[in-house]
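The values are calculated or read from the model by the stated rules, or taken from the named source; none is laboratory data. Just so we're clear, the structure is a prediction, and the values are computed from it rather than from any experiment. Cβ placement follows ideal geometry from the backbone for every residue including glycine, while neighbour counts extend to all protein chains displayed. Just the protein is used for accessible areas: all its heavy atoms, side chains included, with ligands, DNA and RNA removed. Shrake-Rupley method; radii C 1.70, N 1.55, O 1.52, S 1.80 Å.
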Amino acid sequence: MALINGNIQTKKEKIKANINVEIASKITEYCTWANIDDIGFFIEEAARFVFSKDKEWKEHQRGVKRSLKNK
């Protein structure tokens, strides 16, 4: 079962990135398999997944919020 499903429409910002050709091929293959027609959507969902799993990132974000709250 695909971990990423559907397409959510939100405000977008165009970016340009150079990535490893093998990774690009796997992304394209995954998107085809999961019926994702927008590689940008895949990248967004992959980033959300990383943000949700990275404990150090979450702690950093909590620290930023605490410091803003204390100002």
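A compact table of results
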quantity: Residue satisfying condition, being aliphatic (A, V, I, L, M) and part of a loop (DSSP other than H, G, I, E, B), within set 27, 36, 23; calculated: 36
quantity: Filter result for the condition that a residue is open to solvent by 70 Å² or more (accessible area, probe 1.4 Å), under 14 Å from the mean Cα position of the chain (by Cα) and at pLDDT below 90, over 43, 8; calculated: 8
quantity: Pairs, first within 20 Å of residue 3 (Cα to Cα) and of a type outside the set (Asp, Glu) in the range 48-71, second open to solvent by 100 Å² or more (accessible area, probe 1.4 Å) and part of a helix (DSSP H, G or I), C-beta under 7 Å, six or more apart; calculated: 51/57
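Listed here are the residues, each with its yes/no results for (1) in contact with a helix residue (DSSP H, G or I) (Cβ under 9 Å, 6 or more places away or on another chain); (2) of a type in the set (Lys, Arg); (3) within 17 Å of residue 10 (Cα to Cα).
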| position | (1), (2), (3) |
| --- | --- |
| 31 | yes, no, no |
| 37 | yes, no, yes |
| 46 | yes, no, yes |
| 60 | no, no, no |
| 63 | no, no, no |
| 69 | no, yes, no |
